[in-house]
Each structure stands twice: as structure tokens, then as C-alpha cells.
Amino acid sequence: MISGHARESARFYRLGTFLYTRPLRPALPRPQNTAMRVLGIETSCDDTGVAVYDAVRGLLAHRLYSQTPIHAQYGGIVPELASRDHVHKLLPLVRAVMTEAQSSAADINGVAYTAGPGLAGALLVGAAVGRALAYAWGVPAIGVHHMEGHLLSPMLESERPAFPFLALLVSGGHTLLADVRGVGDYGVLGESLDDAAGEAFDKTAKLLGLGYPGGPAIASAATGGRPGRFTFPRPMTEKPGLDFSFSGLKTAVVNVVEGQKLGRQVVADIAHAFQEAAVDTLVIKCRRALAQSGHQRLVVAGGVSANRLLRERMAEMARAHGTEVYYPRPEFCTDNGAMIAYTGYLRLAAGQHVDLAFGAQPRWEIDTLPRLN
Ligand code: KG4
Ligand code: ZN
């Protein structure tokens, strides 16, 4: 069912496409009718994710096609191969998810796609398909900020954090601490000055010959590691401030690796020490940010938030601090269509959408997003 408001805004949207070239048109009236169903598309990197989110019934269906086997043979993501595979996989995945959600085109009130940050070619596939579907179905489209999707992903769970809260976003491309006052009301408190946390896991795994993606590979190798055989620095924890730097940690690993014969046990020992250092660094910065901001709730999201040691250590710290910690379920820590469908739903329901002229934003600062209200 398309609600009256959605039809209205779809019409406005079509009109707007010819009259306006601004990428985002905020401030349409709030819908009277809360019934709304949104198709979400994620193609910012190496996962093709699709989901349908319904305002009343929640997540109806979600599926992910991972390109890991394609990129694993190169030891990292090859952007051209990523874009090409999104082209092959996206529409079949949309069909499968629509069927699973028992939804036809007429049931969809809006299409959300990841507009950035990410790989330009990969983003353009999602943008082109998302907007073409929206145009064909006569509904509005919205370009979602990928990191906002991660940030709001715990809202898909039954135990969801109330605003305001502190957020630690840790993915393959970003590491940032944000003061979250509401949807679209974010203040960046600290971020990585060089490598992202996930990138450090990936690069270290590559150095150790553990393959790609590095996070799960390091975590698994580390289980056989002997504590205390190696010690790596906790970068930037001695100085005040909430920024991160992970390239020094990677260099410390390079220096150790150069003097070693990389047998299975040594690899496990190095993976163990690296994971301890990376996790410790993230926990120390969160503890500091909680103390400085006075927040009682902490959200940890993005691919690295799937890490079990991180969750254990964060729980210990939070208990001592009297803080509640919220995560997305493990499959929604890494990239997925559900977080994009949900974030898109929030923004579409608030009357925001994009016009027909489209682009992609490989770089996009999260604190430049418009407030929801
Ligand atoms: O959020 P995500 O899927 O993609 C980006 O937005 O970048 O995050 C991917 C990153 C990769 O660097 C991967 O190695 C890391 O998350 N990752 C992990 C774990 N699972 C995924 N890092 C540590 N431990 C894990 N269990
Ligand atoms: Zn991501």
C-alpha cells in the first residue's frame, strides 16, 4: 500500500527532479500515516546487501551477497571487480528479498541506497539501481550515509539505545567516536588520523599471511596465541584527546615480523598481541570519552564491533563505569542492507529525499548531515 503522503511526496519528488538540482531536499511535512515500507540497498564496498524495512512490522527480509571469495585471491578489495560484481548481483538480490518480504513494487514507499562514503564505482551501482527503481515505481529515493547506517544499526534490535549516547564506529574505512544527540545530530569527538581499526586488522593479517578479511582471521589465529610473547603499543593513549592512530601499531608489527620466522605459533602469538593492543586502545578511548562526555549509554558498531575480545573488554569497562553497551547483532556489524533500509526509512518518513540528478560521495563527513527535526 502506498500511503497518501508517499504518493504526495512521490509527485513532489518527480516535480522536484526537474526543478531542483540540490542533492537533498529536507523539510517536507511529516507523514500523517506511519505505514511505510522501504527497500534498502548497500553497495559501498565488497558486500551487496538488500533489505525491506516496514515501519510497523520491522525488518521483513534481508540478504547479503559477499564478494570475499573474489577479492581474497588478491589479498584485498579490487574496486573494479567490486563494482562489476554488484552489477551482476544486485537486481537478483532485490528480486529475492522482495519475494521473501512478500512485497510487490506497489507495497514499497521509498528506496534507500548507500550514497557514500565508499568506493565510487561500487556506490554508483547502488545509486543507479536504487534511483531507477524509485523512478520506475513512482516513489522517493534517499541517499544514505554509510556510517550513519552503522551508527543506527543497533536500533534494529529489540533492546535499542535511547538518545543521547556515545558511539564508537569501527569499520574497515573509519574509526570514530561521536556524540549522538539524535538522528542526524552528531558531533565527532575523535577519529583516526591514519588507518582505520579494521584496516589495521586487515593489513596485519596480510603481513602474517592470514588472508582477507583480516579481522576474523586475526581473531581466530589469536586464540592459539601465547599471552606476553610480544607486546605492541597502544597508540595515542598516553596523550590526552580522543583521536586514534593505527598506522604505528601496524609498523610495530612490521618490525617484529621482519625478525621472525613466521611459523604457525609465532603467527598466533603476534595475532594475539596485536588484537590485545588494538582492543585495549579502543577501550581506553571509549572510557575516556564516556568520562568526558558524561554519557550513560555506548553504541559500538561497524565490522570490528563483531570482535569477541572487544565485546568482552568493553563489557568489563562499561560495568565499572555504570554504562550500558549496545551492539547490532553480529551479522549487522559488517555491511548490510538492513541498516540502510532502516536509516532510509527514518529520513524518508521525515520527508527527506533526493532529486533525480545523482552522484556518489567517496568522502563524506558524518557531522555535516542535516538534523532530522
Ligand atoms: O563495516 P565493515 O563491514 O565495512 C566497512 O564499512 O569498512 O567492516 C569491515 C571491517 C574489515 O576491516 C574487517 O577486517 C573488520 O571489519 N572485521 C573485524 C571482525 N569482523 C570484521 N575486525 C575484528 N574482528 C572481527 N571479528
Ligand atoms: Zn561498513
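The numbers here are math on the coordinates, done by the rules we state, and not lab data. Keep in mind that this is a model prediction, so the values were computed, not measured. Quick reminder, even Gly has a Cβ in these numbers, built from the backbone with ideal geometry, and neighbours come from all protein chains shown.
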> Just from its helices, what would the mean residue ellipticity at 222 nm be for the chain, if runs of 4 or more DSSP H residues each count -39500 (n - 2.57) and the sum is divided by every residue, rounded to the nearest 500 deg cm²/dmol?
Replying inline: -13500 deg cm²/dmol
> In the stretch 224-311, what trypsin sites (Lys or Arg not before Pro) fall in a loop by DSSP, with at most 11 other Cβ atoms inside 10 Å?
Replying inline: LYS261
>> Cut-off under 22 Å on the C-alpha distance; same-chain residues fewer than 8 positions from LYS261 excluded. Which lysines are left, in chain and number order?
In response: LYS203, LYS206, LYS250
> Label-point separation (nm) for SER66 and ALA315, each offset 7 Å from Cα along Cα-to-Cβ?
Replying inline: 2.3 nm
> Using the alpha-carbon atoms, what tilt in degrees (0 to 90, nearest 10) does helix 4-19 show relative to the longest principal axis of the chain?
Replying inline: 80 degrees
> Where does the charge balance sit around GLY116 when Lys and Arg score +1, Asp and Glu -1, over other residues with C-beta under 15 Å from its C-beta?
Replying inline: -2
> For the peptides 313-323, 171-181, what is the packing order when you average, over each peptide's residues, the other Cβ atoms within 10 Å and list the highest mean first?
Replying inline: 171-181, 313-323
> Along the charge dipole of the chain, Cβ charges K/R +1 and D/E -1, which of ALA197, GLY118, SER103 sits furthest on the positive end?
Replying inline: SER103
>> Projecting each Cα onto the charge dipole of the stretch 163-327 (Lys/Arg +1, Asp/Glu -1 at the beta carbon, about the Cα centre), which of MET314, SER245, ALA273 comes out farthest on the positive side?
In response: ALA273
>> As I understand it, the value is the acute angle between the Cα axis of helix 120-137 and the longest principal axis of the Cα atoms of the chain; what does it come to in degrees, rounded to 10?
In response: 20 degrees
>> If you fit an axis through the alpha-carbon atoms of helix 79-100 and take the longest principal axis of the Cα set of the chain, what angle between them do you get, 0 to 90°, nearest 10?
In response: 60 degrees
> Rounded if a/c is under 1.5, else prolate if a/b is larger than b/c, else oblate: which is the stretch 163-327, with a ≥ b ≥ c the root eigenvalues of its Cα gyration tensor?
Replying inline: prolate
> If you place +1 on the Cβ of every Lys and Arg, -1 on the Cβ of every Asp and Glu, and leave all else neutral, what size is the dipole of the chain about its Cα centre, to the nearest 20 Debye?
Replying inline: 360 debye
> Restricting attention to the stretch 64-123, which chymotrypsin sites (Phe, Trp or Tyr not before Pro) occupy a DSSP loop and are surrounded by at most 13 other Cβ atoms within 10 Å?
Replying inline: TYR74
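Evaluate the charge dipole of the stretch 163-327 about its Cα centre and quote only its size in Debye, nearest 20, assuming +1 on the Cβ of each Lys and Arg and -1 on the Cβ of each Asp and Glu.
The calculated dipole for the stretch 163-327 is roughly 440 debye.
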>> Sort 133-144, 152-163, 196-207 by the packing proxy (mean of other Cβ within 10 Å over each peptide's residues), most packed first.
In response: 196-207, 133-144, 152-163
